[in-house]
Amino acid sequence: MVDVNEVIREMIVLLRSEATQYSISVRTELTADLPQVMGDRVQLQQVLMNLILNGIEAMKDVDGTRELALNSQQTESEQLLVTSRYRQGPSPQRDQIFDAFFTTKPQG
């Protein structure tokens, strides 16, 4: 059984210096008293690490506000929902973000 909020907090602590290096603020809105979920803690850590690092990578060279937000909540259907959002300004490729294997990274 895994406490998802705890894993989110751990990954933020682990990657805080990376975010700070690029002046990216990390904000959380974690719903208290979420039920634990059955899962592989290490795999969940890897997913969250990838989400956070992808957000940092996308924002690190952008002018203006750089904010990464991580949220957790329980849905009406009693599922656990974790979201990751970041602001980087307008993107000319916005229509392509859900295309398989699309990336804006030079070495993506």
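Compute the whole-percent fraction of alpha carbon pairs in the chain spaced more than 17 Å apart.
Beyond 17 Å sits 58 percent of the P(r) for the chain.
Give the accessible surface of the chain per residue, rounded to a whole number of Å², with probe radius 1.4 Å and ligands, DNA and RNA excluded.
Accessible area per residue, the chain: 71 Å².
If R0 is 30 Å, what FRET efficiency do you get for Asn50 and Glu76 from their C-beta distance, rounded to 0.05?
Calculated transfer efficiency: 0.60.
Cα-based Rg of region 23-65 per 2.2 N^0.38 Å, rounded to two decimals? Don't skip to the answer; put the middle values down first.
Numbers: Rg = 13.8 Å, N = 43, 2.2 N^0.38 = 9.2 Å.
In units of the 2.2 N^0.38 Å rule of thumb, it is 1.51.
Assuming 0.36 nm per residue, please report the length gained on full extension of the stretch Met1 to Thr65 beyond their Cα-Cα distance.
19.4 nm is the gain from fully extending Met1 to Thr65.
Quick check: at a probe of 1.4 Å, how many percent of the accessible area of region 1-73 sits on carbon and sulfur atoms?
Carbon and sulfur: 48 percent of the exposed surface of region 1-73.
Assuming 0.36 nm per residue, please report the length gained on full extension of the stretch Glu57 to Leu14 beyond their Cα-Cα distance.
Length gained, Glu57 through Leu14: 13.9 nm.
The values are calculated or read from the model by the stated rules, or taken from the named source; none is laboratory data. If you're wondering where the values come from, they're calculated on a predicted model, not measured in any experiment. Quick reminder, even Gly has a Cβ in these numbers, built from the backbone with ideal geometry, and neighbours come from all protein chains shown. Please note that ligands, DNA and RNA were not included when accessible areas were found on the heavy atoms of the full protein model with its side chains. Shrake-Rupley method; radii C 1.70, N 1.55, O 1.52, S 1.80 Å.
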